[in-house]
Amino acid sequence: MPVRTVARLIGEWVNRLGRVWVEGQVTQIGGRGATVFLTLRDPVADVSLSVTCARAVAEAVRLDEGARVVVHAKPDFYLNRGTLSLSATEIRAVGVGELLARIERLKVLLGQEGLFAAGRKRPLPFLPGVVGLVTGRASAAERDVLENARRRWPAVRFEIRNVAVQGHLAVEQCIGALQTLDGKVDVIVIARGGGSVEDLLPFSDEALLRAVAACRTPVVSAIGHEPDTPLLDLVADVRCSTPTDAGKRVVPDVREEAHRIAMLRDRARRVAVGTVDREQQRIAQARSRPVLAAPQVLVSERRRDVESLRDRAVRCATGQLDRAQHDLDHTRARVVALSPQATLDRGYAVVQTPDGAVVRDAANVVLGETLRIRLAEGELRVTAS
């Protein structure tokens, strides 16, 4: 089919549609004569539609860029341009109550998905080398973060991304800044000053919240004042009540750290000195012991012990020899006393046969037999008769 046929069929199908209520965020406002032109944007899907309405319809409600509105309109398809637009007959501003209710419903949804869970939150680095800052250009929030951080740690470095912090461009620019900083800095701070519920709406936007949850770098939320609680505070890894508080949280205080280092240095010195003193006392005690104070004493004592043992051994050996000598003398005296020689010495003689047998009975001697008579001194040979 030719283009004209396709466009005509699309137009006929769109014309059969009835009027619908469309919600969106106003991004552009223009007019020509009695007609006003609007652009409605869906911040989550980044989709927009053109809206035309009578000036009286537009003036019935306050329209500002970034405002959330609900439009009662009929879709129109323009054949010549091949575009789709909405022809509005009524425009209503979305009230604060409705916005808060939608934020609450989104809060429940994201909570069920686990985006608020404490287990997924990452701790901040102790001393980040580079801090990413996403904030408005030349804003008080930017000044508070920079001044407080540099007052605490003068050497801190920042990568600053200036973005719109309210209005229809805020969400898109914040997401782009996050993507450019993620992985290139150590921590990212999203900061904005206080404002109304409508001003802080971008920081409860679902697209921005999911982008923060997907960051690999820890994210710090510093939006508004203490009572302001956009959903970004729940998704971020750390929530700070104000931009000033964020400047104090992302870096340590150099004075406190210097004081802590001085305390640790003093403690280490005391421990080292105490250890050296204890070891010196142990060495002094060891040196004062007799074995080290007078090493020769140990040798002298051992020499005396050896001499004592030697004397004891000599006495024991001498005693044993004396006893043995006494026993020997006694035994010798007995032997001498019982010896035949002693008998001979007293004048007796021993008569023996030639074969050495002692003659005890004369009947045992044959006449003419040669006998040997043993005297105390010498011996005689006689013949029996």
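Rounded to the nearest 500, what is the 222 nm mean residue ellipticity of the chain from helices alone, with -39500 (n - 2.57) per DSSP H run of 4+ residues and division by all residues? Result for the chain: -14000 deg cm²/dmol, rounded to the nearest 500.
Counting only chymotrypsin sites (Phe, Trp or Tyr not before Pro) that DSSP places in a loop and that have at most 12 other Cβ atoms within 10 Å, the longest clean stretch of the chain runs over 127-347.
Answer rounded, prolate or oblate for segment 341-383, using the Cα gyration tensor with square roots of eigenvalues a ≥ b ≥ c: rounded when a/c is under 1.5, else prolate when a/b is larger than b/c, else oblate. It comes out prolate by the Cα gyration axes. Among Arg334, Arg157, Arg270, whose mean-square fluctuation peaks in a Gaussian network model of the chain (Cα, cutoff 10 Å)? Per the Cα network of the chain with a 10 Å cutoff, Arg334 tops the list.
A viscosity of 0.890 mPa s and a temperature of 25 °C, combined with the Kirkwood radius over Cα pairs in Stokes-Einstein, give a translational diffusion coefficient for segment 211-252 of 234 µm²/s.
Each 20 Å bin from 0 upward holds the following percent of the Cα-Cα pairs of the chain: 18, 24, 14, 7, 7, 7, 7, 9, 6, 2, 0. With only the Cα atoms considered, segment 1-127 has a convex hull volume of 212 Å³ per residue.
Placing dummy labels 7 Å off each Cα toward the beta-carbon, the span from His225 to His330 is 12.5 nm. Shown in residue order for segment 273-289 are the 3J(HN,Hα) couplings computed by the Karplus curve 6.51 cos²θ - 1.76 cosθ + 1.60 at θ = phi - 60°: 5, x, 5, 4, 4, 4, 5, 5, 5, 4, 5, 4, 4, 5, 5, 6, 5 Hz (x for Gly and Pro). Efficiency by 1/(1 + (r/R0)^6): what FRET value for Asp42 and Arg267, r their Cβ-Cβ distance, R0 = 56 Å, to the nearest 0.05? Calculated value: 0.40. Taking Cβ atoms as reference points and 12 Å as the exclusive limit, the residues near Leu209 contribute a net charge of -2, counting Lys and Arg as +1 and Asp and Glu as -1. Phi-derived couplings, Karplus 6.51 cos²θ - 1.76 cosθ + 1.60 at θ = phi - 60°, listed residue by residue for segment 157-173: 10, 10, 10, 9, 10, 8, 9, 6, 10, 7, x, 6, 8, 4, 4, 4, 5 Hz, with x used for Gly and Pro. For the pair Arg303 and Ala362, label points projected 7 Å from Cα toward Cβ lie 8.2 nm apart.
Here r is the Cβ-Cβ distance between Val6 and Ala164 and R0 is 51 Å; the resulting FRET efficiency, rounded to 0.05, is 0.85. Amide H to amide H distances under 5 Å link Leu133 with Glu159, Ile160, Arg161, Val189, where only residues 5 or more positions off or on other chains count and H is placed in the peptide plane. Once the chain from Thr353 to Arg255 is taken as fully extended at 0.36 nm per residue, the excess over their C-alpha distance is 21.9 nm.
FYI, it's all coordinate maths here, none of it is from the lab. Predicted model, so just to flag it, every value in this text is computed and none were measured. Neighbour counts run over all protein chains shown; Cβ positions are idealised from the backbone, glycine included.
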